[in-house]
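Asks: Encoded as structure tokens, here's the structure I'll be asking about.
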Amino acid sequence: MSSFDFEEIHRSLGYLFFDGMRFTLTLTFLAALGGVVLGTILAIIRQSGSRLLSSIAAGYVNLVRALPLVLVIFWFYFLVPYLGQWLTGATRPVHVGGFASALITFIAFEAAYFSEIVRAGIASIPRGQEAAAMALGLRSSQAMRYVILPQVFRIMLPVLLTQTIVLFQDTSLVYVLSITDFLGAAAQIAERDGRLVEMYSFVAVVYFVFSFTASQGVRRLRAHIAVPH
Amino acid sequence: MTAPVIQIDHVIKSYTAGVPVLHDVSLTIARGEVVVVCGPSGSGKSTLIKCVNALEPIQHGRIVVDGQDLASKGVDLPRLRARVGMVFQHFELFPHMRVLDNLCLAQCKVLGRPRADAEARSEALLERVGMTAFAAKYPGALSGGQQQRVAIARALAMDPVVMLFDEATSALDPEMVSEVLDVMVELARSGMTMMVVTHEMGFARKVAHRVVFMDQGEIAEDSPREIFFEAPRTERAREFLSKILTY
């Protein structure tokens, strides 16, 4: 193998970023969004009055957190077509694309982590805030929506974003589905051209730059948004 | 005589199976009356006031507020709470909202008041408590006394039939107590029905019609102001007064 070939990287930039990174960022963004929404619902269910619903949600969170992500991605990809068949009553397994399957998996997985963050956030709001909201005549759902959750998201935003940075890295696990994410795109070129060192080094640098820049941003944000009580 | 605004009949409450924190408590507050509830800490006075708007459930007895039994079937607790103003020891303004929005939130979401009307009402009340200049500020930028004045205005914005004060000045620095008491005195003199849990005997002397003394989960004494301060009927009240009025 010849010396480090920068030209190889330069030639591949278009494919790496427009195909690979775009997929990675799209998946990260949508999975984070879906994860936060589903996670918030789980968190609210867990601290609701219903013991049954609460323990179902708790069971789900504990189950997901006890499984390796890569296993779930793989398993889900093969299971979803049959699940779809069963749900729709179709005669054949329903074809689900790699993107949809990966997205659903990440949302389901991240929701468990986000729900723990939101739950901790809800617990950190003084009980008197809810009492004050109730005393003004707000219903529980209104108190949650207008008083508790806005404070939770403000306090927890840095943690939620940090978790999203982890998610950004974790999306590379979709390579088990042979999907062209950023890592997948690089791996294809590396295999094709026999330039493994260049490609994997470049991928590492890019992941580092993206993640490090983002966490520095989060750090600044953290100092910025401390809510005075 | 008109129907009482608050009627508490033989209320028993305990947090867990064990010693009740309220033990057969009965108390009536008529329209326009200012009733101060005092007593040593742990006597159940804060618990009692929280039961009045059902923030705390009771096990036995009956509480009727503005003609509505809190325990009756089909009672709309949020609706009822909207008519009972409450001021907390730790203010409990919503820190993520500006002062004006703190006042408008429940007016809009609970009473269904149009935003413009809610703002007009809020501004009038902020003026009444001397906080007009702070309408666009966040609670975190206000002193404790200022926050509590805003909290009083927030409760008044719902046009309550009665105001409950749960140790409204206990968490304040001494130099801020009087600005809050001034607002409460003005409110009392305007004819508002008030139930006030406090240690501020100066406030009680000034505007209370009656003073209720609680001890160990019971109402030990319920007397008109003059009698309570001049010649308390019970030994326990006498002891309590001598302790807190020594200095």
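The values are calculated or read from the model by the stated rules, or taken from the named source; none is laboratory data. Treat the numbers as computed from the prediction; the structure is a model and nothing was measured. Heads up, the Cβs are rebuilt from the backbone with ideal geometry, glycines too, and the neighbour counts pull from every protein chain shown. These accessible areas exclude ligands, DNA and RNA; they are computed on the full protein's heavy atoms, side chains included. Shrake-Rupley method; radii C 1.70, N 1.55, O 1.52, S 1.80 Å.
Asks: For residue B:16 and residue A:56, FRET efficiency with R0 = 22 Å and r from the beta-carbon atoms, rounded to 0.05?
Replies: 0.20
Asks: Which far-off residues, 5 or more places away or on another chain, put their amide H under 5 Å from the one on residue B:86, with H placed in the peptide plane?
Replies: Counting only residues 5 or more places away or on other chains, the set is B:164.
Asks: Binning every alpha carbon pair distance of the range A:6-225 at 5 Å from zero, what are the percents per bin?
Replies: Pairs per bin, as whole percents: 1, 6, 12, 14, 15, 14, 12, 9, 7, 4, 2, 1, 1, 0.
Asks: Using DSSP H assignments, which helices in chain A have an axial alpha-carbon span of 24 Å or above and a mean Kyte-Doolittle hydropathy of -1.0 or higher?
Replies: Those that clear 24 Å and a mean of -1.0 are A:22-46, A:69-88, A:98-124, A:149-170, A:196-224.
Asks: Taking every residue in A:41-50, how many Cβ atoms of other protein chains lie within 10 Å of its Cβ, on average?
Replies: Neighbouring Cβ atoms belonging to other protein chains average 0 per residue here.
Asks: Taking H as built 1.01 Å from N, whose amide H comes closer than 5 Å to the amide H of residue B:214, not counting residues under 5 places away?
Replies: B:38, B:39, B:220
Asks: Could you sort the residues of the range A:142-156 by number and keep only those whose accessible area is reduced by 20 Å² or more in the all-protein-chain setting relative to the chain alone, 1.4 Å probe?
Replies: Output list: A:142, A:146, A:147, A:151, A:154.
Asks: How tilted is helix B:115-128 with respect to the longest principal axis of chain B? Cα atoms for both, answer in degrees (0 to 90, nearest 10).
Replies: So the helix axis and the longest Cα principal axis differ by about 60 degrees.
Asks: In the protein assembly as shown, what percentage of the DSSP-assigned beta bridges are antiparallel, given to the nearest 5?
Replies: Within the protein assembly as shown, antiparallel bridges account for around 55 percent of the total.
Asks: Hey, could you get me the Stokes-Einstein D for the protein assembly as shown, Kirkwood radius over alpha-carbon pairs, 4 °C and 1.567 mPa s, rounded to whole µm² s⁻¹?
Replies: Result for D is 49 µm²/s.
Asks: Could I ask something else about it? Could you tell me the center-to-center distance, by alpha carbons, between the range B:47-113 and the range A:1-65 in angstrom?
Replies: 41 Å
Asks: Just the number, please: carbon plus sulfur as a percent of the accessible area of chain B, 1.4 Å probe, no ligands or DNA/RNA counted.
Replies: Roughly 51 percent of what the probe reaches on chain B is carbon or sulfur.
Asks: Oh, and also: Per residue of B:80-87, count partner chain C-beta atoms within 10 Å of its C-beta, then hand back the mean as an integer. Working shown, then result.
Replies: Details: counts 1, 7, 4, 1, 3, 2, 5, 2.
What the average comes to for B:80-87 is 3.
Asks: Now for a separate question. Residues of the range B:97-113 losing 50 Å² or more of accessible surface, assembly versus chain alone, probe 1.4 Å, please list them.
Replies: Listed by number, the residues meeting the 50 Å² cut-off are B:109.
Asks: Which ³J(HN,Hα) values in Hz, rounded to whole numbers, follow from the phi angles of the range B:212-219 under the Karplus curve 6.51 cos²θ - 1.76 cosθ + 1.60, where θ = phi - 60° and Gly and Pro get x?
Replies: Result, rounded to whole Hz: 10, 10, 10, 8, 6, x, 10, 7.
Asks: Here is a further query. Quick one: give the max-minus-min coordinate of the C-alpha atoms of the range A:47-163 along each principal axis, largest first, in Å.
Replies: On the principal axes, the range A:47-163 reaches 56, 32, 22 Å in Cα extent.
Asks: Pairing the Cα long axis of helix B:99-109 with the longest principal axis of chain B, what angle in degrees results, from 0 to 90 and rounded to the nearest 10?
Replies: Computed tilt is about 80 degrees.
Asks: May I pose another question? For the pair residue A:30 and residue A:200, how long in nm is the line joining their label points, each one 7 Å along Cα→Cβ?
Replies: Taking the simple label geometry, residue A:30 and residue A:200 are separated by 3.0 nm.
Asks: I would also like to ask the following. Tell me: how much accessible area in total is hidden between B and A, 1.4 Å probe, Å², nearest 100?
Replies: Numbers: alone 11470 and 13210 Å², together 22810 Å².
Buried area between the two chains comes out at roughly 1900 Å².
Asks: I would also like to ask the following. Return the residues of the range A:180-229 for which accessible area with all protein chains present is lower than in the chain on its own by 40 Å² or more; set the probe to 1.4 Å and exclude ligands, DNA and RNA.
Replies: Buried on complex formation: A:228.
Asks: Can you figure out the FRET efficiency of residue A:87 with residue B:26, using R₀ = 45 Å and their beta-carbon distance, to the nearest 0.05?
Replies: 0.15
Asks: Rounded to the nearest 5, what % of DSSP beta bridges with both residues in chain B are antiparallel?
Replies: Expressed as a percentage, antiparallel bridges in chain B total about 55.
Asks: Right, next: Residues of the protein assembly as shown: accessible area per residue at 1.4 Å, in Å²?
Replies: Per-residue value: 48 Å².
Asks: Once the Cβ-Cβ distance between residue B:233 and residue A:66 is put in as r, and R0 is 60 Å, what FRET efficiency do you end up with, to the nearest 0.05? Don't jump to the answer; show the numbers that get you there.
Replies: Numbers: r = 66 Å, r/R0 = 1.09.
The formula returns an efficiency of 0.35 here.
Asks: Also: Stretch residue A:47-residue A:225 to full length: gain in nm at 0.36 nm per residue minus the Cα-Cα span?
Replies: Details: separation 178, 0.36 × 178 = 64.08 nm, distance 2.60 nm.
Between residue A:47 and residue A:225, full extension yields 61.5 nm more.
Asks: Only sites in a loop by DSSP and with at most 15 other Cβ atoms within 10 Å count here; which trypsin sites (Lys or Arg not before Pro) in the range B:59-133 make the cut? Walk me through the numbers before you get to the answer.
Replies: On the way: sites: B:62, B:73, B:79, B:81, B:83, B:98, B:109, B:115, B:121, B:128; in loops: B:73, B:83, B:98.
Here the trypsin sites (Lys or Arg not before Pro) that fit, given the DSSP loop and packing criteria, are B:73.
Asks: Hey, if you drop one equal point scatterer on each alpha-carbon of chain B and run the Debye formula without solvent, what base-10 log of I(q)/I(0) do you get at q = 0.18 Å⁻¹?
Replies: -1.44
Asks: Using the Cα centre of the protein assembly as shown as origin and beta-carbon charges of +1 (Lys, Arg) and -1 (Asp, Glu), tell me which of B:32, A:91, B:169 is placed farthest towards the positive end of the dipole.
Replies: A:91
Asks: If you don't mind, there's one more thing I want to ask. Express the carbon and sulfur contribution to the solvent-accessible surface of chain A as a percent, rounded to the nearest whole number, probe 1.4 angstrom. Walk me through the numbers before you get to the answer.
Replies: Numbers: 8210 of 12270 Å².
Carbon and sulfur atoms account for 67 percent of the accessible area of chain A.
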